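Shown next, in structure tokens, is the structure this report addresses.
The values are calculated or read from the model by the stated rules, or taken from the named source; none is laboratory data. Small disclaimer: the values here were computed from a predicted structure and weren't measured. Every residue, glycine as well, gets a Cβ built from its backbone with ideal geometry; the counts of neighbours run over all protein chains shown. Remember, those area values only see protein heavy atoms, side chains included, never the ligands or the DNA or RNA. Shrake-Rupley method; radii C 1.70, N 1.55, O 1.52, S 1.80 Å.
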Amino acid sequence: MLFRKHHPKVGASPGTLVIPKQAPAPRIHAIHYRPEGVEESEITSVDQLDLAFDPGAVTWIDVQGFGDKSLMQDIGEKFNFHRLLLEDVVNVPQRPKTEVYDDQVLVVVRMVKIDDAHESGRGSIDMEQVSIVFGAHYVLTFQEKYGDVLDPVRKRIRAKKGAIRQQGSDYLVYAITDTIIDGYFPVLELVGDQLDRLDEEVLINPTPQLLRKLNEAKNQLINLRRGIWPQREAVAALMRKETPLVSEFVRTHLRDTFDHCVQTSEVAEMYREMALSLINTYMSSIANRANDVMKVLTIMASIFIPLTFIAGIYGMNFDYMPELHSRWSYPIVLGIMFATAAGMMGYFWRKGWFR
């Protein structure tokens, strides 16, 4: 199944939340920072989220896991989420997009991660939705599962690297989005290396197992492309939508992120075409091998056809065949058969059919 969406029943009211049974319980981590310092805490109660409304600081609240419907609704009420906004956050996957809701902006992106099994050639690439909701002084990120690729952003905040501690919530959204999109590059490099290995193998040893690997690589690239292409629109919309929550300084930086989106989409498309080309090459290799086998069988059959003809004539046992009663008939016929076979093999050799 390439696509499965958690959606409410047909006819349900807008804003209905659908929490899958296997969804992990939410883990909430808060980073509250200003130019002078950083405070971090684990959130266990919705009342602790009041720190997000401090006008002198920026608060990043990271929610990993949707396994508690009431808690997700409480968070939505705490920040006055539009019910359609909360539905987009919880009912995954959504198409990457940017939506403006009064004093809040929703940005939906697709995050990709590499698991150890895939690095060893046995697993798959893990993709999940990351929903970013930000206001004037806070940023909330919602992730389906535990773990992410955002540790570089956290380290920059703690170490006061770059301009992140001097800027507002919109710059944090840029840093998060840019890091998620940059996470596609190592994945695409890994897929490219895998395709290079398959390219060498497809001509040397085309096996059914190789075809399975090629189809897996093709499906992975289709999923990557489906996640990357609409992210260009989401980043472009974040740059162009008229909202005071995004400064001109951040819009300038988002152009670089948009360029990364274009690069990753072009590479994913190139690799997808390469995977399709390798599948075609595999089919051609199998066809060539079948032709080689048929050529050998045809040569063998061509050699034995005249021998069978000679043997058939002298197997009829007519009384008046002059050779039947000759003492040297048997060795003469065998000699003729060997000479015929040798002559045909020499002819085929000169034609290059044995090479």
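Mind checking whether some residue in region 91-103 is within 23 Å of Ser247 (Cβ to Cβ), charged (D, E, K, R), touching a strand residue (DSSP E or B) at 6+ places or on another chain (Cβ under 9 Å) and surrounded by 15 or more Cβ atoms within 10 Å (Cβ to Cβ)?
Yes: one or more hits.
Among the residues of region 46-73, how many are over 17 Å from Leu85 (Cβ atoms) and buried (at least 18 other Cβ atoms within 10 Å of the Cβ)?
So the count comes out to 7.
In region 310-355, what count of residues is obtained for those that are open to solvent by 100 Å² or more (accessible area, probe 1.4 Å) and closer than 22 Å to Met294 by Cα?
Of the residues in region 310-355, 6 are open to solvent by 100 Å² or more (accessible area, probe 1.4 Å) and closer than 22 Å to Met294 by Cα.
Quick one: would you say Ser285 is modelled with pLDDT of 85 or more and surrounded by 12 or more Cβ atoms within 10 Å (Cβ to Cβ)?
No, not satisfied.
Just to be sure, is Glu248 among the acidic types (Asp, Glu) and surrounded by 13 or more Cβ atoms within 10 Å (Cβ to Cβ)?
Here the answer is no, as Glu248 does not meet what is asked.
Identify, by number, the condition in (1) closer than 30 Å to Thr207 by Cα; (2) surrounded by 12 or more Cβ atoms within 10 Å (Cβ to Cβ) that Met300 doesn't meet.
Going through (1) closer than 30 Å to Thr207 by Cα; (2) surrounded by 12 or more Cβ atoms within 10 Å (Cβ to Cβ) one by one, Met300 breaks only (2).
How many residues does region 217-226 hold that are open to solvent by 10 Å² or more (accessible area, probe 1.4 Å) and in contact with a Leu (Cβ under 8 Å, 6 or more places away or on another chain)?
Number satisfying all stated conditions: 4.
Which condition does Trp229 not pass, out of (1) over 30 Å from Val173 (Cβ atoms); (2) surrounded by 15 or more Cβ atoms within 10 Å (Cβ to Cβ); (3) without any contact (Cβ under 8 Å) to a residue 40 or more places away in the chain, if it passes all the others?
Failed condition: (1).
Give the residue, chosen from Lys218, Lys241, Lys213, that is farther than 30 Å from Ile286 by Cβ and modelled with pLDDT under 90.
Lys241
For residues that are open to solvent by 10 Å² or more (accessible area, probe 1.4 Å), part of a helix (DSSP H, G or I) and touching a residue at least 12 places away in the same chain (Cβ under 8 Å), tally how many sit in region 133-176.
7
Select, from Phe318, Phe258, the only residue that is more than 30 Å from Gly192 (Cβ to Cβ) and either touching a Lys or Arg at 6+ places or on another chain (Cβ under 9 Å) or aromatic (Phe, Trp, Tyr) (or both).
That would be Phe318, the only listed residue that is more than 30 Å from Gly192 (Cβ to Cβ) and either touching a Lys or Arg at 6+ places or on another chain (Cβ under 9 Å) or aromatic (Phe, Trp, Tyr) (or both).
Where the second residue is in a helix (DSSP H, G or I) and surrounded by 14 or more Cβ atoms within 10 Å (Cβ to Cβ) and the first is aromatic (Phe, Trp, Tyr) and lies in region 295-318, which pairs have Cβ atoms under 9 Å and are six or more apart or on separate chains?
Note: pairs meeting the criteria are Phe304/Ala341; Tyr314/Ser329; Tyr314/Val333.
Between a first residue in region 177-191 that is among the hydroxyl-bearing types (Ser, Thr, Tyr) and a second residue that is open to solvent by 10 Å² or more (accessible area, probe 1.4 Å), which pairs have beta carbons less than 7 Å apart while being 6 or more apart in sequence or on different chains?
Listed by first residue and then by second, the contacts come to Thr179/Val149; Thr179/Pro152.
Is there a residue in region 201-216 that is open to solvent by 50 Å² or more (accessible area, probe 1.4 Å), free of Cβ contacts under 8 Å to residues at least 24 places away in the same chain, closer than 30 Å to Val108 by Cβ and assigned to a helix (DSSP H, G or I)?
no
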